[in-house]
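Below is one structure; the comments refer to it alone.
The values are calculated or read from the model by the stated rules, or taken from the named source; none is laboratory data. Just so it is clear, the model here is predicted, and its values are computed rather than measured. Heads up, the Cβs are rebuilt from the backbone with ideal geometry, glycines too, and the neighbour counts pull from every protein chain shown. Areas reflect the complete protein model, heavy atoms only, side chains present, ligands, DNA and RNA absent. Shrake-Rupley method; radii C 1.70, N 1.55, O 1.52, S 1.80 Å.
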Amino acid sequence: EELKKSYLAMVAQEKNSYAHEAYPEIELEYVFQKLFEKKGIKADMELSVHAGQFFRILSTEYVRVYEGTKEMLDNLRKNGKNIYLLSNAQEIFTSYELRYLGLTPYFDDIFISSSCQCKKPDTKFYQMMLDKHKLKIEECLMIGNDNTTDIAGAKALGMDSLYIHSNLSPELDGVPDSTYYLEKMDMKKLMELLKLS
């Protein structure tokens, strides 16, 4: 209980330090470092990252790839498409999990919100990717499972979007505000929509 209370307080404190951002994102490794310091332990960044990763392992029931995902990503590649990941996540968790699942090689670049210090739906997060890779909005498609982050951010930029309702999607109130819509996670239907099959 003490750890939980301290963790939540420090997360809130970190978020307050980014009050100038519309959708701030913190780096949790600094929270773990401060938790060590609170107990009189001088933890370097490596120990803080490992503590965060261990926390993630203990608090995660499972991590897996949806059936057909790698085939779909392969097909995008074979059709000459570039693939970018724009994720509201923590670098210390997500980089390891992407490598563990064998997904990292499928992406041309990966943008993780904790490293960028802002998150979807902030258009600044999308703009980082667009600027770095000199992408044209009208040639991009955002695929996501959250109407209030993935889809809203893309729409604010004028980017087409495809909403897929997954087991991790927040409950929808009505129909998503996306260009395209899949009612459930179905890679075969997704490939048909993307004209990959």
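Odds and ends about this structure:
- Within segment 79-95, considering residues that are surrounded by 13 or more Cβ atoms within 10 Å (Cβ to Cβ) and over 28 Å from Ala22 (Cα atoms), the one nearest to the chain's Cα centre (by Cα): Asn82
- Condition check for Lys184: open to solvent by 40 Å² or more (accessible area, probe 1.4 Å) and closer than 30 Å to Ser17 by Cβ: no
- Whether a residue is under 27 Å from Lys195 (Cβ atoms) and of a type outside the set (Phe, Trp, Tyr) was assessed, and Ile112 does not pass this test.
- Every condition in (1) part of a helix (DSSP H, G or I); (2) open to solvent by 70 Å² or more (accessible area, probe 1.4 Å) holds for Asp177 except the one numbered (1).
- Of the strands (runs of 3 or more DSSP E) contained entirely in segment 83-162, those carrying at least 1 residues that are modelled with pLDDT of 95 or more and of a type in the set (Asp, Glu) fall at 109-112.
- Which numbered condition Ser115 misses (of (1) in contact with a strand residue (DSSP E or B) (Cβ under 7 Å, 6 or more places away or on another chain); (2) in contact (Cβ under 8 Å) with a residue 60 or more places away in the chain; (3) open to solvent by 40 Å² or more (accessible area, probe 1.4 Å); (4) of a type outside the set (A, V, I, L, M, F, W, C)): (1)
- Count of residues meeting criterion [under 17 Å from Glu2 (Cβ atoms) and open to solvent by 100 Å² or more (accessible area, probe 1.4 Å)] in segment 34-52: 3
- Selection from segment 158-174 of residues that are open to solvent by less than 40 Å² (accessible area, probe 1.4 Å) and either touching a Pro at 6+ places or on another chain (Cβ under 7 Å) or touching a residue at least 24 places away in the same chain (Cβ under 8 Å) (or both): Met159, Leu162, Tyr163, Ile164, Ser166, Ser169
- Inter-residue pairs, beta-carbon under 9 Å, first open to solvent by 40 Å² or more (accessible area, probe 1.4 Å) and in segment 129-146, second among the acidic types (Asp, Glu), 6+ apart: Lys132/Asp109; His133/Asp108; His133/Asp109; Ile137/Asp160; Glu138/Asp160; Leu141/Asp160; Ile143/Asp150
- Candidate set: segment 187-197, residues that are open to solvent by less than 100 Å² (accessible area, probe 1.4 Å) and in contact (Cβ under 8 Å) with a residue 40 or more places away in the chain; chosen: the one farthest from Asp146 (Cα to Cα): Leu196
- Residue match in segment 27-47 (condition: under 21 Å from the mean Cα position of the chain (by Cα), at pLDDT below 85 and not in a helix (DSSP H, G or I)): no
- The requirement of being open to solvent by less than 30 Å² (accessible area, probe 1.4 Å), charged (D, E, K, R) and not in a helix (DSSP H, G or I) is fulfilled nowhere in segment 53-64; no residue meets it.
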